[in-house]
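Right, one structure below, let's go through it.
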Amino acid sequence: MTSSIRQAFSVASPVLAGSVTGEVWVADGLAASAAAPLLVVHDGPAYEAEAGLTAYLQRHVDGGGIPPLRAALLTAPERSRWYSANPAYAVALADDVVPGLVAQWPTTRTIGVGASLGALAWLHAQSSYPQVVDGMFLQSGSYFRPETDAQESGFSEFPAIVRFVASVRRGDRPTRPVPTVLTCGREEENLANNRRMARVLLRLGYRVRFAVVPGGHDYASWRAAFDPHLPDLVRAVVR
């Protein structure tokens, strides 16, 4: 049964001129003073409502497949701007959000979780500030390139994303290779850019698992891709 322990949080971020908010879910039976892994989840409310993330995690904790842990479910009132390879948002994650969460909830390791632009935002933050998280679970990331994603060229943040993806491919960014899972649906437009990014990260030394799964660009497909990749990543990060 999913724990009813949920604690709201708000972390001020000067660089965003505002606060990042959400709630922290705590696995059933995990003491407030106990250090544990922390998943930091972009689009947290959607992952919860549409993919049942915390119920999934609790089942695996109860079965002994993963250790008791917490999940910070982040909201993003300016999602398109914040998540699109935005330097200010990367600073906020590295300087304010993750340190603020860790200061309030004792943490052993951190894992960034996100889908679509939320996955892109984690890769951008970790490649800009390599210590921000210890692992990444990235689903259907929006790693846009002109050659594969011309259909996205009308998106206002498309040029910023293209510049960031090109910088990763060139190896221009600092690296701290961490365990990383990429999943992508076989039927979705992002498959080509995800294949390319998986190869790039492998070349840069990341411990990458790339899983092509049935389905498209939606939470039903992302939920189906949790098994076995998310528990495997948690175990790889915490061991």
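What residue, of Ala115, Ala150, is crowded, with 22+ Cβ neighbours inside 10 Å and either aliphatic (A, V, I, L, M) or more than 21 Å from Ala76 (Cβ to Cβ) (or both)? Walk me through it before giving the result.
Working: Ala150 fails: crowded, with 22+ Cβ neighbours inside 10 Å.
Of Ala115, Ala150, the one residue that is crowded, with 22+ Cβ neighbours inside 10 Å and either aliphatic (A, V, I, L, M) or more than 21 Å from Ala76 (Cβ to Cβ) (or both) is Ala115.
Under 8 Å between Cβ atoms, at least 6 apart or on separate chains: pull out the pairs that start in region 75-101 with a residue that is open to solvent by 10 Å² or more (accessible area, probe 1.4 Å) and end on any residue that is modelled with pLDDT under 95 and among the hydroxyl-bearing types (Ser, Thr, Tyr).
These pairs meet every condition: Ser80/Ser156.
Could you run through region 203-224 and say how many residues are within 11 Å of Leu191 (Cβ to Cβ) and among the aliphatic types (A, V, I, L, M)?
2
Quick one: is Ser128 on the phi > 0 side of the Ramachandran plot and either surrounded by 21 or more Cβ atoms within 10 Å (Cβ to Cβ) or in contact (Cβ under 8 Å) with a residue 12 or more places away in the chain (or both)?
Values: on the phi > 0 side of the Ramachandran plot: no; either surrounded by 21 or more Cβ atoms within 10 Å (Cβ to Cβ) or in contact (Cβ under 8 Å) with a residue 12 or more places away in the chain (or both): yes.
Judged against the criteria, Ser128 is not a match.
How many residues does region 165-179 hold that are under 13 Å from Leu120 (Cα atoms) and either surrounded by 23 or more Cβ atoms within 10 Å (Cβ to Cβ) or in contact with a Gly (Cβ under 9 Å, 6 or more places away or on another chain) (or both)?
1
When you go through Val234, Val208 one by one, which is the residue that is at pLDDT 95 or above, touching a helix residue (DSSP H, G or I) at 6+ places or on another chain (Cβ under 7 Å) and surrounded by 16 or more Cβ atoms within 10 Å (Cβ to Cβ)? Walk me through it before giving the result.
Numbers: Val234 fails: touching a helix residue (DSSP H, G or I) at 6+ places or on another chain (Cβ under 7 Å).
Going through Val234, Val208 in turn, just one is at pLDDT 95 or above, touching a helix residue (DSSP H, G or I) at 6+ places or on another chain (Cβ under 7 Å) and surrounded by 16 or more Cβ atoms within 10 Å (Cβ to Cβ): Val208.
Filter region 65-74 for residues that are closer than 19 Å to Gly29 by Cβ, open to solvent by less than 40 Å² (accessible area, probe 1.4 Å) and touching a strand residue (DSSP E or B) at 6+ places or on another chain (Cβ under 9 Å) and give the result. If you could, list the steps in order and put the result at the bottom.
Taking region 65-74 first, the residues closer than 19 Å to Gly29 by Cβ are 65-72.
Still in the list and also open to solvent by less than 40 Å² (accessible area, probe 1.4 Å): 65-66, 69-72.
Within region 65-74, Ile66, Leu69, Arg70, Ala71, Ala72 qualify.
Search region 213-239 for residues that are over 14 Å from Tyr56 (Cα atoms) and pair each with any residue that is assigned to a strand (DSSP E or B) and of a type in the set (A, V, I, L, M, F, W, C) when their beta-carbon atoms are under 8 Å apart and the residues are at least 6 apart or on different chains.
Listed pairs, sorted by first residue: Val213/Cys184; Ser221/Val213; Leu233/Ile111; Leu233/Phe137; Leu233/Val181; Val237/Ile111.
Looking at the structure I just gave you, is Asp62 at pLDDT 95 or above, open to solvent by 60 Å² or more (accessible area, probe 1.4 Å) and either touching a helix residue (DSSP H, G or I) at 6+ places or on another chain (Cβ under 6 Å) or more than 25 Å from His217 (Cβ to Cβ) (or both)? If you could, list the steps in order and put the result at the bottom.
Details: at pLDDT 95 or above: yes; open to solvent by 60 Å² or more (accessible area, probe 1.4 Å): yes; either touching a helix residue (DSSP H, G or I) at 6+ places or on another chain (Cβ under 6 Å) or more than 25 Å from His217 (Cβ to Cβ) (or both): yes.
It is true that Asp62 is at pLDDT 95 or above, open to solvent by 60 Å² or more (accessible area, probe 1.4 Å) and either touching a helix residue (DSSP H, G or I) at 6+ places or on another chain (Cβ under 6 Å) or more than 25 Å from His217 (Cβ to Cβ) (or both).
Could you look through region 8-44, keep only residues that are touching an Asp or Glu at 6+ places or on another chain (Cβ under 6 Å) and either of a type in the set (Ser, Thr, Tyr) or farther than 15 Å from Val102 by Cβ (or both), and pick out the one that is least open to solvent (accessible area, probe 1.4 Å)? Please lay out each step first, then the result.
Our first condition is that a residue be touching an Asp or Glu at 6+ places or on another chain (Cβ under 6 Å); within region 8-44, this holds for 8, 11, 13.
Narrowing further to those that are either of a type in the set (Ser, Thr, Tyr) or farther than 15 Å from Val102 by Cβ (or both): 8, 13.
Numbers: Ala8: 85, Ser13: 3 Å².
Checking each candidate, the answer is Ser13.
Is it the case that region 100-109 has a residue that's under 27 Å from Asn190 (Cβ atoms) and modelled with pLDDT of 95 or more? Don't jump to the end; show me each part of the working.
Of the residues in region 100-109, the ones under 27 Å from Asn190 (Cβ atoms) are none.
No, there is no match, as no residue in region 100-109 is under 27 Å from Asn190 (Cβ atoms) and modelled with pLDDT of 95 or more.
The values are calculated or read from the model by the stated rules, or taken from the named source; none is laboratory data. What you see is a predicted model; the values in this text were computed from it and never measured. Cβ atoms come from the backbone with ideal geometry, glycine included; neighbour counts cover every protein chain shown. Remember, those area values only see protein heavy atoms, side chains included, never the ligands or the DNA or RNA. Shrake-Rupley method; radii C 1.70, N 1.55, O 1.52, S 1.80 Å.
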